[in-house]
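What follows is a short report on a single structure.
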Amino acid sequence: MVVEHDVPASGSATPAQLFPVLECLLFVASEPVTPQQVAAALHLEEETAATALEQFRLHYVNGGGLQVVRVAGGYQLRTRPEFAGAVSAFLRPAAQKLSRQALETLAIVAYEQPITQPEIDALRGVTSDGVLKTLAERELIREAGRKDAPGRPILYCTTDHFLKHFGLSDLSELPSLEDTLGAAIPDKRDLPI
């Protein structure tokens, strides 16, 4: 026997009353869920949905094997990092590691975006066309228009999938290059097209 539960009317629902339905939505969603999506699905004000999602995230802070994280402009139900070994052993995912060259190129795009292939090539010292194609196929980077320069080269930037893959809410969460490398980084404005 299936018992259906109604979502409280938008004007009368407290964030805590929405937790069970939010848990369901995050559980079935394959991508991060935005407050706008929740508001539309549950006929709520967007501010109410945003507050409920944030309080739901905080509700999951202590204990259990799951957590709610803010990522790529939305919220996602994920396993806790401390259980990654057990989850990996259970799922035994096929390794899809990025090559050193791909990681290097992806880092350049992430920190210097929007950036052209010739600018990337100048920083790396080698051609990057194959690596850029691989990163685009994995939806980690995308075309972001064309540079207003001779030949109108394609500009590349990272995607929401990049943010999700690396567990970032937005690009401001990237560590600073100076702190990471401890060296002077060439400015892309000093590079050829």
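The values are calculated or read from the model by the stated rules, or taken from the named source; none is laboratory data. Predicted, not measured: the structure shown is a model, and the values here were computed from it. Cβ placement follows ideal geometry from the backbone for every residue including glycine, while neighbour counts extend to all protein chains displayed. What goes into the accessible areas is simple: the full protein's heavy atoms, side chains included, and nothing from ligands, DNA or RNA. Shrake-Rupley method; radii C 1.70, N 1.55, O 1.52, S 1.80 Å.
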Exercise. Protein chains only, probe 1.4 Å: how do 119, 45 rank by accessible area, largest first?
Worked result: 45, 119
Seminar exercise, completed: Rounded to one decimal in nm, the spacing of the 7 Å Cα→Cβ label points at residue 148 and residue 133 is 3.2 nm
Exercise. What FRET efficiency comes out for the pair residue 107/residue 19, r = Cβ-Cβ distance, R0 = 35 Å, nearest 0.05?
Worked result: 0.35
For this session: Whole number in Å², please: accessible area per residue of the range 37-111, 1.4 Å probe, ligands, DNA and RNA not counted.
Result: 62 Å²
Problem set entry | Cα-based Rg of the range 69-171 normalised by 2.2 N^0.38 Å, two decimals | 1.24
For this session: Give me the accessible area of residue 42, 1.4 Å probe, in Å² rounded to the nearest 10.
Result: 20 Å²
